[in-house]
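What follows draws every value from the coordinates through simple rules; no lab data is involved. In this text the structure is predicted, and so the values were computed from the model without any measurement. In this analysis, Cβ positions are derived from the backbone assuming ideal geometry, glycine residues included, and neighbour counts consider all displayed protein chains.
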Amino acid sequence: MIPCDLLAVTSREWRSDRRAVFERDGYTCCNCSSVGGEGEPTTVRTQPVGDIPLNGTVHTSSLVTVCSRCFTLLQGGEIDTETAVDNAELFRIARRATRKQGEAIADVASFASLVTSLPVELNEGRDPADEYCKTRRDVLLALAVVETHLERIETVPTETLDQSVIASLSAFSGQATALHREIREIVTLCETVATGLGRCHGCFEPIESADSTCQSCRLDARSLTEWRQSDSTDAVAFDRLFAEINERLQHSGETTEALTDRTTELAAALLDE
């Protein structure tokens, strides 16, 4: 397991620990799987995902390896608000968004499955920190990529588009945004499970209390107020929390089906042009 040291943005320690992130990820882009590194044609970068401290440092548990192209995408460098796109390109953008949302759905389902097993894992003396951090990074990176695609769709100039395309595009965008929001809410619930077990929701290191800041990665703990037992104890109602996660997953499946319909309608509108 790579030490969860803090990464100082402008120090030799930053460069050293950044290399540790590359080694952890096999110098492979966590988004497109292209391989980079010294002597390779692809340059790799580190990209933060999820919550990060506002000042100065980023924890290795919130950093992923990405290639230069995906880094540019995640920084919004590929978003052009001026140039019009043709129907084929517009559909490619929408299709990339839905494909990545499909990956995010699969990743969040894996994350949910993992966190519901955490009480047993910890009780039996196993340490799932590596698996927890990686699974969390996977879903958060997928969501970050989806956001860039949705932002691109939002900025598409519509002056030259047919009204039927505009209407279909708006319906698609609204449904995709709703699904994106639902997935993020599920991630937050999953992270809340970690907090309830006395672990940081980012790096999974032990935390002193549910209202404290993690001493390792500087993230504030998720709120447990809504998930306390109704009796006078301070225990977390994990059964209720797990049930909520499962219900949200089921609802996201329904939203995904609705998004598929909106995608089909958008494709029809574009092909009719």
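Given the options Val35, Val187, Val120, which has the most mean-square fluctuation in a GNM of the chain, springs set between C-alpha atoms less than 10 angstrom apart?
Between Val35, Val187, Val120, it is Val120 that shows the largest mean-square fluctuation.
For the chain, set up a Gaussian network in which alpha carbons nearer than 10 Å are linked by springs, and say which option among Ala221, Ala106, Ala176 fluctuates the most.
The residue with the greatest mean-square fluctuation here is Ala106.
For the chain, with the dipole built from +1 on Lys and Arg beta-carbon atoms and -1 on Asp and Glu ones, taken about the Cα centre, which of Ser212, Leu150, Thr65 lies farthest toward the positive end?
Of the options given, the answer is Thr65.
Sorted by packing (mean other beta-carbon atoms within 10 Å per residue), highest first, where do 129-136, 241-248 land? If you can, show how the numbers build up before the last one.
Details: 129-136: 19.6, 241-248: 16.5.
Per-residue mean Cβ counts within 10 Å order the peptides as 129-136, 241-248.
Please report the net charge: other residues with Cβ closer than 13 Å to the Cβ of Pro119, K and R +1, D and E -1.
-1
What nm distance separates the two modelled labels at Thr213 and Ser170, each placed 7 Å from Cα along Cα→Cβ?
Spacing of the two 7 Å Cα→Cβ label points: 4.4 nm.
Can you give the extra length, in nm with one decimal, that the chain gains between Asp261 and Ala109 once fully stretched, where that is 0.36 nm per residue apart less the Cα-Cα distance? Walk me through the numbers before you get to the answer.
On the way: separation 152, 0.36 × 152 = 54.72 nm, distance 2.18 nm.
Using 0.36 nm per residue and subtracting the Cα-Cα distance, I get 52.5 nm.
GNM, the chain, Cα, under 10 Å: largest mean-square fluctuation among His251, His180, His149?
Per the Cα network of the chain with a 10 Å cutoff, His251 tops the list.
Mind running the shape call on the chain? Use the C-alpha gyration tensor, a ≥ b ≥ c as the square roots of the eigenvalues: rounded below 1.5 for a/c, prolate if a/b tops b/c, oblate otherwise.
Working: a/c = 2.40, a/b = 1.34, b/c = 1.79.
Cα axes put the chain in the oblate bin.
Counting only helical runs of four or more DSSP H residues, what would the 222 nm mean residue ellipticity of the chain come to if each run contributes -39,500 (n - 2.57) and the total is spread over all its residues? Intermediate results must be reported in sequence, preceding the final value.
Numbers: 6 runs with 152 residues, N = 273.
Rounded to the nearest 500, it is -20000 deg cm²/dmol.
Assuming 0.36 nm per residue, please report the length gained on full extension of the stretch Ala235 to Thr72 beyond their Cα-Cα distance. Walk me through the numbers before you get to the answer.
Working: separation 163, 0.36 × 163 = 58.68 nm, distance 4.44 nm.
Extra length available between Ala235 and Thr72 comes to 54.2 nm.
For segment 179-249 and segment 95-118, what is the separation of their C-alpha centers, rounded to whole Å?
18 Å
With r defined as the distance between the Cβ atoms of Glu23 and Arg228 and R0 fixed at 30 Å, what FRET efficiency is calculated, to the nearest 0.05? Could the numbers behind the result be given before it?
Numbers: r = 41 Å, r/R0 = 1.37.
Rounded to the nearest 0.05, the efficiency is 0.15.
Normalising by the residue count of the chain, find the relative contact order in percent from Cα pairs under 8 Å and 6+ residues apart. Walk me through the intermediate numbers first.
Working: 372 pairs, mean separation 52.0, N = 273.
Once normalised by length, the contact order is 19 percent.
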